[in-house]
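Asker: Right, I'll just put the structure down here and ask away after.
The values are calculated or read from the model by the stated rules, or taken from the named source; none is laboratory data. As the structure is a prediction and not an experimental result, all values here were calculated from the model. Glycine gets a Cβ as well: all are built from the backbone with ideal geometry, and neighbour counts include every protein chain shown.
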Amino acid sequence: MVKHEIKIIADYSQETSLTLDELCDICSISSDVIRDLIAYDIIHPQTENQNQWVFNLVEFQRVKTVLRLQHDLDVNFAGAALALDLLDEIEELRAHAALLERHVLRGKL
Amino acid sequence: MEYKDYYAVLDVSRSASQDDIKRAYRRLARKYHPDVSKEPQAEEKFKNLQEAYEVLKDPEKRTAYDQLGSNWKQGQEFKTPPGWDGNVRFHTAQGNSAFTENDMGGFSDFFANLFGHSQTRSHREDFGRFRQRGNDDRAKINISLEDAFRGTTKTLQLQIPEMDPSGQIHQVVRTIKVNIPPGTIQGQQMRLANQGGQGIGGAPAGDLYLEIEIQPHPLFSLKGRDIYLTLPVTPWEAALGADIKIPTLAGRVGLKLVPGSIAGQKLRLKGRGLPGKLEPGDQYAILQIETPLAKTDEQRQLYEKMAQMMPFNPRKDWL
């Protein structure tokens, strides 16, 4: 039997962000880990009212990636930070190469 | 269920030492880790690796697995042998078991049957205090570049399994209407709290993450909020200048090509990219000069005349 539920309305123009507590809860980590990630320059939360940290979804993904790398590949935070920087750079270069390939070389190389 | 050849997955022989197995796992884990790998089906391959390593790194599990014999082939139809005691061993080791219910969720039926997945769960539920937050779910929203520029509304229907209090699983169809404002960019995410998988033992549901996927466009490429377009021109347009109507997401706009334009030149149409909160992106037209083939005698004579009248050596820098 299939039950139908009421419609949910989601609005992309409302920016989604997470508080420190939410982030810790979702990732099952303590706030000390978040403090370490900030100290390693991996995430940069904004400070909002009453000095509360706010994390956007890009930072949230970075936290999850670091935790996966740490768990699966035994990488420490310094190594994970390096991996993230290199991954960002690779992505940038790939995007640039794809642009050149399409609009300058036009598949001729 | 299908037999899994864990040695083949890790690319080691059946006689490999524990060190060899660890080394092989580490090498392949780096290669197929979904966060770093561009290999096709990296996620699937990494899951298989983890499962194979989970068994072969543990001498007890490895011995039990080896007892199945070496005549099995990967993918062969397999039934747990009578009197198989993998479950019992796993039960006693549960107190300090290294993996969680969540990790095991991704492992195959083959693994679960040999090393006791379902047994573990019912064992835990007997105690009645097992609580786990629901899984986070993800869904992609495919939109066109035009939609990203103008904004749009999309309706998603997600089919979600839900357990009622008596333990029965029902399929629930959840309809989500998503408002996508102008200027939404590739990969942009949104979190719908508690709309993910159901929690276990009264724990909260997971979250649902929506991710925007902008489809490739036949003319334009997208980089952040900037749009790129190839602008093919004739040699005489490049040499003499021209007025060209350029397609943009908001319709055609006029662009003045100055005399003496060269191939590869990037011409900017300010503010013609995707709208942004602070500033819109730009559009870039990348100039390409197309040279027509000389097909008739007259056309050939024209090129010959150019060769005589225009002293031009593009290889003058060669020594």
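Asker: May I ask you to say which residue of B:Gly202, B:Gly196 is touching a strand residue (DSSP E or B) at 6+ places or on another chain (Cβ under 8 Å), more than 27 Å from A:Glu92 (Cβ to Cβ) and touching a residue at least 24 places away in the same chain (Cβ under 8 Å)?
Answerer: Testing whether each residue is touching a strand residue (DSSP E or B) at 6+ places or on another chain (Cβ under 8 Å), more than 27 Å from A:Glu92 (Cβ to Cβ) and touching a residue at least 24 places away in the same chain (Cβ under 8 Å) leaves just B:Gly196.
Asker: Okay, next question. For the subset of the range A:46-71 comprising residues that are among the β-branched types (Val, Ile, Thr) and not in a helix (DSSP H, G or I), which member is modelled with the lowest pLDDT?
Answerer: Only one residue fits best here, namely A:Thr47.
Asker: Among the listed residues B:Val253, B:Val173, B:Val178, identify the single one that is assigned by TED's automatic domain parsing to the domain that holds B:Tyr284, in a strand (DSSP E or B) and free of Cβ contacts under 8 Å to residues at least 40 places away in the same chain.
Answerer: Going through B:Val253, B:Val173, B:Val178 in turn, the sole match is B:Val253.
Asker: Just to check your reading of the model, which residue among B:Lys61, B:Lys57, B:Lys45 is in the same structural domain as B:Asp11 (by TED's automatic domain parsing), over 25 Å from the mean Cα position of the chain (by Cα), of a type outside the set (Phe, Trp, Tyr) and at pLDDT 90 or above?
Answerer: One residue alone meets the criteria, B:Lys57.
Asker: If you don't mind, there's one more thing I want to ask. How about the range B:50-64: which of its residues are of a type outside the set (D, E, K, R) and touching a Lys or Arg at 6+ places or on another chain (Cβ under 9 Å)?
Answerer: If the condition is that a residue be of a type outside the set (D, E, K, R) and touching a Lys or Arg at 6+ places or on another chain (Cβ under 9 Å), then B:Ala52, B:Tyr53, B:Val55, B:Leu56, B:Ala64 are the ones that fit.
Asker: Considering only the range A:3-53, how many residues are surrounded by 15 or more Cβ atoms within 10 Å (Cβ to Cβ), out of contact with any strand residue (DSSP E or B) (no Cβ under 6 Å at 6 or more places or on another chain) and either on the phi > 0 side of the Ramachandran plot or facing chain B (nearest Cβ under 9 Å) (or both)?
Answerer: 2
Asker: I would also like to ask the following. Residues that are crowded, with 17+ Cβ neighbours inside 10 Å, in contact with a Cys (Cβ under 8 Å, 6 or more places away or on another chain) and over 19 Å from B:Arg26 (Cα atoms): does the range A:90-103 have at least one?
Answerer: Checking the range A:90-103: not a single residue is crowded, with 17+ Cβ neighbours inside 10 Å, in contact with a Cys (Cβ under 8 Å, 6 or more places away or on another chain) and over 19 Å from B:Arg26 (Cα atoms).
Asker: If I filter the range B:219-228 down to residues being in a loop (DSSP other than H, G, I, E, B) and within 11 Å of chain A (Cβ to nearest Cβ), which single residue comes out as modelled with the highest pLDDT?
Answerer: B:Leu219
Asker: Quick check on the range B:256-297: of everything there that is assigned to a strand (DSSP E or B) and without any contact (Cβ under 8 Å) to a residue 40 or more places away in the chain, which residue is nearest to B:Gly183 (Cα to Cα)? Spell out how you get there, then give the answer.
Answerer: Within the range B:256-297, the first condition is being assigned to a strand (DSSP E or B), and the residues that meet it are B:256-257, B:266-269, B:283-289.
With the extra rule that they be without any contact (Cβ under 8 Å) to a residue 40 or more places away in the chain, the set shrinks to B:256-257, B:266-269.
Working: B:Lys256: 27, B:Leu257: 29, B:Lys266: 23, B:Leu267: 22, B:Arg268: 19, B:Leu269: 17 Å.
The selected residue is B:Leu269.
Asker: Could you please find all residues in the range B:2-30 being surrounded by fewer than 17 Cβ atoms within 10 Å (Cβ to Cβ) and either on the phi > 0 side of the Ramachandran plot or in a helix (DSSP H, G or I) (or both)?
Answerer: B:Ala8, B:Asp11, B:Gln18, B:Asp19, B:Asp20, B:Lys22, B:Arg23, B:Arg26, B:Arg27, B:Arg30
Asker: Out of the residues in the range B:156-212 meeting the condition of being closer than 30 Å to B:Asp226 by Cβ and among the polar types (S, T, N, Q), tell me which one is farthest from the other protein chains (Cβ to nearest Cβ).
Answerer: The residue in question is B:Gln186.
Asker: Any residue that is within 8 Å of chain B (Cβ to nearest Cβ), closer than 24 Å to A:Thr19 by Cα and surrounded by 13 or more Cβ atoms within 10 Å (Cβ to Cβ) - is there at least one of those in the range A:74-89?
Answerer: no
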